Amino acid sequence: SQWQSTPFSFDLPEATVNIEPFRVQIPQAAIDDLKRRLHATRWPDDGSVEGREQGTPLLRAQELVNEWRTNYDWRAFEGKINAFPQFRTLIDGLGIHFIHVRSKHEDALPIILTHGWPGSVVEFLNTIGPLVDPETHGGRAQDAFHVVIPSLPGYGFSDKPKQTGWNWIRTARAWAVLMQRLGYKRWVAQGGDWGAAVTLALAQQKPAGLVAAHVNWVLVIPDRPSADPSPEEVRIFEDLHNFATEGDGYYKQQSTRPQTLGYGLSDSPAGQAMWMYEKFHEWSQHRDDSDIFSETEMLDDISLYWFTNTAASSARFYWENMHSTPPFSWNLGRVDLPMAATIYPGDGSRALKEWAQAQWPSLYYWGTASKGGHFAAWEQPKIFVDDLRVAFASIRE
């Protein structure tokens, strides 16, 4: 219909069960349309308080949007992501996009890395080289990985589910099929944010070939503090309380009314940018009012959401997970598979080792990073890579 024919739309190639090569190439008309919309942004008045208590301040929002409109180069990002082999394949009726980079070392350990929201495969791009080619990046040949990085259903260049049911559990099953289809007989998994939920579901499902898993969002948090909590336990529950009272408005909206949210974010690039930028700032370990990510890094991820028009479909992943049986929770239960985890000090959701030990009887590695927040791989790629090398060293044959 005329309402579906827009100057910024593009169609993904139809996926098949074959592994089909894929390249990112957004039509110039879509880029021109973005610039037009950014130029026509209608701004709200500024907040009535100083700082970020009511959200991103107007001046900071205008700075980032102006950078997007005047200086940001999407084609440079296309060149960066297209430097890695990308593919699409049909799994359980859905076209799944993924990056797949094999190490020159044939005996490298295959790993599947899963992102979350408001992230994407962008989070892992700076880790690929060190993972697949450790000798060039301060490691040893025996540290090498074959790397698989899929886009979650409804995110990036994966298809948008048209029926319900694509929650974190079903996604994990799809990832198992993907690794089998790629021919991997022995592999590991890693994830943060929603990627941690998918990775834990994989660990619970124990598909053929999966031998261990690592997460940097440790979903083993009990309902309430212990009778005699340690200072760190007190801080953890204080942070969770602050999140529940001041920080989870986005969560309630996306898990209850993602479609309504999508109308505004799909129509306004400034709206899309601020919906995501607030979390880049809040969830990362930054100093004072600065951002740990460069504007280009943030705009790469924001632009990926904009050009793929995935504001609503990515938010629906929240709806699916909260309407699952069982619904998503801060404690996803027992895992018997060998498990590893790393706590990043700047993450607002942390856990204690004893909580993990109670749920994961095969916990074999517990790391504590020196710095970094919720977007571990993106914020601190070297720390992240070094940690995975250590975490999976004992798993290698």
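Averaged over residues, the count of other Cβ atoms within 10 Å places the peptides 145-155, 57-67 in the sequence 145-155, 57-67, highest first.
Rolling a 1.4 Å probe over the protein heavy atoms leaves D223 with an accessible area of roughly 140 Å². When the listed pairs K160/K382; K35/K160; K35/K252 are checked against a 27 Å cut-off, the alpha-carbon distance exceeds it for K160/K382; K35/K252. The accessible area of D107, taken with all protein chains in place and a 1.4 Å probe, comes to roughly 140 Å².
Kirkwood hydrodynamic radius, region 46-134, all distinct C-alpha pairs: what's the number in Å? One decimal place: 16.8 Å for the Kirkwood radius. The mean of 1/r over all pairs of different alpha-carbon atoms in region 1-103, once inverted, gives a Kirkwood hydrodynamic radius of 17.2 Å. Scaled to the globular estimate 2.2 N^0.38 Å, the Cα spread of region 274-318, given as radius of gyration, is 1.25. When only the Cβ of Lys, Arg, Asp and Glu is charged (+1, +1, -1, -1), the dipole of the chain relative to its Cα centre reaches about 1300 debye. The alpha carbons of region 161-298 occupy a box of 50, 46, 32 Å along the principal axes, longest dimension given first. Largest first, the three principal axis extents of the alpha carbons in region 263-342 are 43, 34, 19 Å in whole numbers. Remark: C-alpha extents of region 310-397 on the principal axes read 38, 30, 27 Å, sorted largest to smallest.
P(r) for region 224-362, from all Cα pairs and a bin width of 10 Å, is 10, 30, 35, 21, 4, 0 %, short bins first. Taking 0.36 nm per residue of separation and subtracting the Cα-Cα distance, full extension of the segment from D289 to D45 would add 85.8 nm. Ligands, DNA and RNA left out, the accessible area of region 214-262 computed with a 1.4 Å probe is 52% carbon and sulfur.
In angstrom, the C-alpha Rg and Dmax of the chain are 20.4, 63. Other residues lying with their Cβ under 13 Å from the Cβ of L304 contribute a combined charge of -4, Lys and Arg counting +1, Asp and Glu -1. Contact order for the chain, expressed relative to its length and based on alpha carbon pairs under 8 Å spaced 6+ residues apart, stands at 18 percent. Note on S370: accessible area approximately 100 square angstrom, rounded to 10, probe 1.4 Å, nucleic acids and ligands left out. With the helix formula -39500 (n - 2.57) applied to DSSP H stretches of n ≥ 4, the chain reaches a computed 222 nm mean residue ellipticity of -12500 deg cm²/dmol.
Put simply, the convex hull of the Cα atoms in region 33-77 casts, on average, a shadow of 3.9 nm².
Calculated from the alpha-carbon coordinates, region 348-397 shows an Rg and a Dmax of 12.2, 35 Å respectively. The accessible surface of region 140-186, taken with every protein chain in place and a 1.4 Å probe, is 47 percent carbon and sulfur. Ligands, DNA and RNA are left out, and with a 1.4 angstrom probe the accessible area of the chain is 44 Å² per residue. In summary, the lysines within cross-link reach of K206, defined as a Cα separation below 19 angstrom excluding same-chain residues under 8 places away, comprise K185. Charge tally for P161 (other residues, Cβ to Cβ under 11 Å; Lys, Arg +1; Asp, Glu -1): +1. What translational diffusion coefficient, in µm²/s and rounded to a whole number, does the Stokes-Einstein relation yield for region 87-138 at 4 °C and a viscosity of 1.567 mPa s, taking the hydrodynamic radius as the Kirkwood radius over Cα pairs? Rounded, D is 101 µm²/s. Rg and Dmax, both from the Cα atoms of region 211-291 and both in Å, are 16.7, 51.
For region 53-203, the share of alpha carbon pairs falling in successive 5 Å distance bins from zero is 2, 9, 16, 19, 18, 13, 10, 8, 4, 1, 0 percent. Pick from G191, G264, G55: which residue has the top mean-square fluctuation in a GNM of the chain where Cα pairs under 10 Å get a spring? Looking only at G191, G264, G55, the biggest GNM fluctuation is shown by G55. For region 112-191, the Kirkwood hydrodynamic radius from C-alpha pairs, put into Stokes-Einstein at 20 °C and a viscosity of 1.002 mPa s, yields a diffusion coefficient of 153 µm² per second.
The values are calculated or read from the model by the stated rules, or taken from the named source; none is laboratory data. This one's a predicted model, so the numbers in the text were calculated from it and none came from an experiment. We place every Cβ from the backbone using ideal geometry, glycine too, and count neighbours over all the protein chains shown. With ligands, DNA and RNA removed, areas are computed over all heavy atoms of the protein, side chains included. Shrake-Rupley method; radii C 1.70, N 1.55, O 1.52, S 1.80 Å.
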